[in-house]
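Before I ask anything, here is the structure I am working with.
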Amino acid sequence: MTRQASIRPYLNQAYLMGLLMVAVGLTLSPFLMGMSQFWLILVWVADGIVGNRDENAIPIGSSVNRERIYFHPDFKQKLSLFWHNKAAVLLVAFYLMHIVGLLYTSDFQYAMKDLRVKLPILVMPFVLSSMPPLDRKRFDLVLLVYALSVFVATWFSFYAYVRHDYEDVREISRFISHIRFCLHIVFCMAVIGYSLFTRNAPWWSKAIQVVLLLWLGYQLFIFESLSGYVVFAAMVAMSALYVFLKWKKGRGLRIAVGVSALVVLLLGMVVVMRQVKPMLEIKQVDFSILERKTAQGNDYWHDTVYNPVEDGKFVGLYYCRKEMQAAWPQRSQLPFGGTTTNGENLEATLARYLTSKGLRKDAEGVMALTDADIRNIEQGVANYNNWRHPGLRSRLSTTVFEYNMYRKFNNPNGGSLSQRIEFTRAAFRIIGRHPVFGVGTGDVPQAFSEAYDEIQSPLSKEFRFRAHNQYLSIMIAFGVVGLLVFLAVLLFPWLSSRKHRTYLYAVFLGIMLLSMLPEDTLETQAGASMFAFFVSMLLFAVPIDDESKTMTI
């Protein structure tokens, strides 16, 4: 056996280690996420140098023991593998489009940052498409390590959650943004579900997988991410459709799975409607019979003009600022005229909280609050019911309040949904001025700054962000031409080949397509790495065995 032959297994192990590093780093270590890319590049180069055994190659080694390393670089073959893989070429072309965008940009500092963030979209497709596919065992190992990494990351979040070590529940995601982490949770549930239905395993292993699914579902619930809930619902729907169309284990079972998923989705819609309905039903008030005096004899102020609504109740009724200001120092060290620990106006937070508990905004109302209520208000919790019923109800309540404030008073500041409306307004302003080729790779922040001023946006300076929509972000930077390239990158693999229409790729593609509507997913290292890694894994590294038995349901 030659040394070339003995080196090959080590290169295979190094390649697998690089993939495992990515799988771990995606949710647990941004540093590992970045370092793994350079590891994969080094493995790719080493693999090209070692090459394959060839009797005509140049032998290198000791003439004493007659052992040889057959030095036959196969970079030409590796580049040929990449070049003939149209999906990989498209992905790399999408990255190269960002380099072309440097030709008509002025902010090279931001452009270099953008190129660095999206580097995985260049590295992953190029490397994985020109390396040998994984065997079934190694492919499953990468998915297993990924699932375990997501599971470990959820425990870090859960620890912060039970300790209440946060000001906003979304901060419990310790390593990446809560939105990206929710995407990982949903996809991890798809991976576990795929294994549950397609892999032969003992009953105890199946039981563990079911428990993991329930645990991840609970974790998704406590994050209060509306986009996470929507993506989860879409994943359930896609899974049911895929099973119904592809599963070959009996018509009755297929129908049962499809109907069960439909029932789950309908129940989810009913729950959402039941949660939202009382928030939208404003309780009618006869303003002519409202009491005028507090128990201490001070005048109430009844706001019948501004009058924001909290859970269907008018916040501005039975309001005595004088008494609240006098009573508050008896309950808290925070100044009444200051802010909460998360930067919200304390008086407004207190008024909303009292309203949500059905208390009047006077001394009696403040003194009726429990110590737990005071801690909530100090931390910026503005609704008692949201604290008592976290998760979906809290997210919906917050969204409804924010939207009402924006619709009635043109105040989008601090509201996730209302801010996105302003982001979109500014985005379309930019697109209208640069429709064909966009503003270039680096001029996106500058273009937004100018657009917000032009549309006279009520957004404060600290909230004037980018589009938070990946499709709009691409159009802003590269115009309609860039958007067409991007859509080709996303849809071509699915449309061009039946072998790519696997369950895991279908679910992942659906998650990505949806996530890019409320978020610019590829504008962060975590998002770009997730996209590039799993697209490359599911398209280029899948085992070459019979996919009809192993990859499709």
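Looking only at residues in segment 103-127 that are under 18 Å from residue 447 (Cα atoms) and part of a loop (DSSP other than H, G, I, E, B), which one is least open to solvent (accessible area, probe 1.4 Å)?
Among them, the one singled out is 105.
Now for a separate question. Against the conditions (1) basic (Lys, Arg); (2) open to solvent by 70 Å² or more (accessible area, probe 1.4 Å); (3) in contact with a Ser or Thr (Cβ under 9 Å, 6 or more places away or on another chain), where does residue 163 fall short? Just the number, please.
(3)
To continue, here is another question. Which one of these does residue 539 not meet: (1) more than 30 Å from residue 135 (Cβ to Cβ); (2) open to solvent by less than 20 Å² (accessible area, probe 1.4 Å); (3) not aromatic (Phe, Trp, Tyr)?
(1)
Which of the following residues is open to solvent by 50 Å² or more (accessible area, probe 1.4 Å), modelled with pLDDT under 95 and farther than 27 Å from residue 499 by Cβ: 65, 12?
65
Is it true that residue 137 is basic (Lys, Arg) and loosely packed, with under 15 Cβ neighbours inside 10 Å?
On the way: basic (Lys, Arg): yes; loosely packed, with under 15 Cβ neighbours inside 10 Å: yes.
So residue 137 passes the test.
Within the set of pairs 6+ apart or on separate chains, which have a first residue in segment 411-426 that is farther than 9 Å from residue 459 by Cα and assigned to a helix (DSSP H, G or I), a second that is among the hydrophobic types (A, V, I, L, M, F, W, C) and open to solvent by 50 Å² or more (accessible area, probe 1.4 Å), and C-beta atoms under 7 Å apart?
That search, which allows pairs on different chains as well, returns 423/465.
What residue, among those in segment 451-468 that are within 18 Å of residue 518 (Cβ to Cβ) and outside any helix (DSSP H, G or I), is nearest to the chain's Cα centre (by Cα)? First the steps, then the outcome.
First pass over segment 451-468, keeping only residues within 18 Å of residue 518 (Cβ to Cβ): 459, 463-468.
Next, only the ones that are outside any helix (DSSP H, G or I) stay: 459, 464-468.
Details: 459: 24, 464: 20, 465: 17, 466: 16, 467: 15, 468: 11 Å.
Restricting to residues being within 18 Å of residue 518 (Cβ to Cβ) and outside any helix (DSSP H, G or I), the top hit is 468.
Residue 405 passes all but one of (1) modelled with pLDDT under 75; (2) out of contact with any Gly (no Cβ under 7 Å at 6 or more places or on another chain); which number fails?
(2)
Filter segment 432-450 down to residues that are under 18 Å from residue 523 (Cα atoms) and assigned to a helix (DSSP H, G or I) and give me whichever is most open to solvent (accessible area, probe 1.4 Å).
Narrowing segment 432-450 to residues under 18 Å from residue 523 (Cα atoms): 438-449.
Cutting the leftovers down to assigned to a helix (DSSP H, G or I) gives us 444-449.
Details: 444: 15, 445: 48, 446: 88, 447: 14, 448: 6, 449: 65 Å².
Step by step, filter segment 432-450, then rank; the result is 446.
A follow-up question, please. Within segment 490-509, which residues are open to solvent by 10 Å² or more (accessible area, probe 1.4 Å), modelled with pLDDT of 90 or more and not hydrophobic (A, V, I, L, M, F, W, C)?
Once the filter is applied, which keeps residues that are open to solvent by 10 Å² or more (accessible area, probe 1.4 Å), modelled with pLDDT of 90 or more and not hydrophobic (A, V, I, L, M, F, W, C), segment 490-509 yields nothing.
Something else about it: Taking interchain pairs and intrachain pairs at least six residues apart, which have beta carbon atoms under 8 angstrom, with the first residue in segment 274-296 and within 20 Å of residue 362 (Cα to Cα) and aliphatic (A, V, I, L, M) and the second open to solvent by less than 80 Å² (accessible area, probe 1.4 Å) and modelled with pLDDT of 75 or more?
Final answer for the pair search is 285/314; 285/317; 290/300; 290/302; 290/317; 290/318; 295/362; 295/363.
Condition test on residue 153, is it in a helix (DSSP H, G or I), loosely packed, with under 14 Cβ neighbours inside 10 Å and aliphatic (A, V, I, L, M)? If you could, list the steps in order and put the result at the bottom.
On the way: in a helix (DSSP H, G or I): yes; loosely packed, with under 14 Cβ neighbours inside 10 Å: no; aliphatic (A, V, I, L, M): yes.
No: the conditions fail for residue 153.
Further, regarding this structure: Sort out which residues of segment 314-339 are open to solvent by less than 60 Å² (accessible area, probe 1.4 Å), under 25 Å from residue 407 (Cα atoms) and either within 40 Å of the chain's Cα centre (by Cα) or of a type in the set (Asp, Glu) (or both), and write them in order of number. Talk me through it step by step, then tell me what you get.
Of segment 314-339, the ones open to solvent by less than 60 Å² (accessible area, probe 1.4 Å) are 314-320, 323-324, 327-328, 331-332, 334, 336, 338.
Retained after the next criterion (residues that are under 25 Å from residue 407 (Cα atoms)): 314-319.
Listed by number, the residues that qualify are 314, 315, 316, 317.
Turning to a different aspect of this structure: For residue 100, work out the one condition from (1) more than 30 Å from residue 132 (Cβ to Cβ); (2) of a type in the set (Val, Ile, Thr); (3) open to solvent by less than 70 Å² (accessible area, probe 1.4 Å) it doesn't fulfil.
(3)
The values are calculated or read from the model by the stated rules, or taken from the named source; none is laboratory data. Computed from a predicted structure; not experimentally measured. Using ideal geometry, Cβ is built from the backbone for each residue, glycine included, and neighbour counts are taken over all protein chains shown. SASA here: full protein model, heavy atoms, side chains in, ligands and nucleic acids out. Shrake-Rupley method; radii C 1.70, N 1.55, O 1.52, S 1.80 Å.
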